[in-house]
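A short worksheet on the structure shown next.
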Amino acid sequence: MAVQINPSILSADFARLAEEAKAVQGADWLHVDVMDNHFVPNLTLGVPVVESLARATDTPLDCHLMIEDPDRWAPQYVEAGASSVTFHVEAAAAPVRLAREIRAKGARASMALKPATPIEPYEDLLPELDMLLIMTVEPGFGGQAFLDIMLPKIRRTRELIGKHGLQLWLQVDGGVSASTIERCADAGADVFVAGSAVYGAQDPAEAVRALRSQAAA
Ligand code: DX5
Ligand code: ZN
């Protein structure tokens with residue numbers, strides 16, 4: 001399992017997004033949090049910003065859609081230049097159809113679970129996905145405390161992925177930092193989103209390197 005570190009630009013300076021993207025060179029993906037003030041009580045950015053960001057950086061974009069009606073919007077984020085698009089299963093009307101459409105348009109398809117959403121009902125959907133995102137905070141804001149109670153879900157999900165012999169990546173998002181990343185890796189996560197732990201550091205690129213070596217240890 002290769003470790004991947006995805007800095008979240010939610011904790012970056014939105015007036016300097018191109019520079020902030022360059023400040024984390026060496027990161028595997030740039031995590032872009034799209035919020036619509038309906039699915040979550042916060043509002044961030046949309047398709048035009050993703051289009052500009054895709055032109056401004058060589059780092060592939062991992063778009064996390066915290067929005068209603070992802071069935072309508074997710075394909076547009078692929079067209080805007082995202083290489084991976086994550087929709088929330090709680091918001092999707094037809095998650096299988098949506099995952100297939102994202103893949104057909106040429107991006108990696110990913111599905112997210114809020115903390116109270118179990119994985120078990122979705123076991124049969126796993127082959128349709130390239131990544132599963134387990135939220136380790138309630139979605140909506142950066143800088144929240146990591147929810148330890150999600151560790152058993154990460155473990156069970158890793159077991160299900162193994163049981164089906166699948167290659168999909170297991171991402172964690174929320175409160176991932178130097179003090180929590182080892183527990184996540186130990187439970188079976190291999191893709192780590194970090195917002196405040198990267199952009200709140202003196203040297204964001206160094207924070208990415210440090211998180212990577214901790215997760216791989
Ligand atoms: C929260 C977002 C996260 C956020 C994580 O809903 O999905 O991606 O940026 O921020 P930290 O790492 O500070 O918890
Ligand atoms: Zn996110």
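Every number in this text was worked out from the coordinates using simple rules, so none of it is lab data. Note that the structure is predicted; figures quoted are calculated from it, not measured. Note: ideal-geometry Cβ built from the backbone for every residue, glycine included; neighbour counts use all protein chains shown.
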Margin query: Restricting to Cα atoms and excluding each atom paired with itself, what does the Kirkwood estimate give for the chain in Å?
Written below: 16.9
Checklist line | Size of charge dipole - segment 1-57 - debye, nearest 20, with Cβ of Lys, Arg +1 and Asp, Glu -1, no other charges | finding: 100
Next item on the list: In whole Hz, with x marking every Gly and Pro, tabulate ³J(HN,Hα) for segment 22-27 from phi via Karplus 6.51 cos²θ - 1.76 cosθ + 1.60, θ = phi - 60°.
Entry: 5, 5, 10, 4, x, 6
Next item on the list: Report the percentage of all Cα-Cα pairs in segment 76-182 whose separation exceeds 19 Å, rounded to a whole percent.
Entry: 45
Checklist line | segment 54-133: proportion of alpha-carbon pairs further apart than 22 angstrom, % | finding: 17
Notebook entry, point to check: Mind checking the dipole of segment 118-217: about its Cα centre, +1 per Lys or Arg Cβ, -1 per Asp or Glu Cβ, Debye to the nearest 20?
Noted result: 220
Next item on the list: Hey, can you grab everything whose amide H is under 5 Å from the amide H of Ile5? Only 5+ residues off in sequence or another chain; H modelled, so Pro and N-termini drop out.
Entry: Asp28, Trp29, Phe192
Checklist line | Under the Karplus curve 6.51 cos²θ - 1.76 cosθ + 1.60, θ = phi - 60°, whole-Hz ³J(HN,Hα) for segment 102-111, x wherever Gly or Pro sits | finding: 4, 5, 5, 7, x, 10, 6, 9, 9, 10
Item checked: Spacing of the two label points (7 Å from each Cα toward its C-beta) at Arg209 and Asn37, in nm -> 4.1
Next item on the list: Please work out how much length the chain gains when fully extended from Ala94 to Asp13, using 0.36 nm per residue of separation minus the C-alpha to C-alpha distance, in nm with one decimal.
Entry: 25.7 nm
Checklist line | Cα centre as origin, Lys/Arg/Asp/Glu Cβ charges: the chain dipole, Debye | finding: 340
Note to self: Give the residue list of chymotrypsin sites (Phe, Trp or Tyr not before Pro) in segment 60-108 that are DSSP loop and have at most 11 other beta-carbon atoms within 10 angstrom.
What the structure shows: none
Check: Which value, to two decimals, describes the C-alpha radius of gyration of segment 1-104 once divided by 2.2 N^0.38 Å?
Finding: 1.04
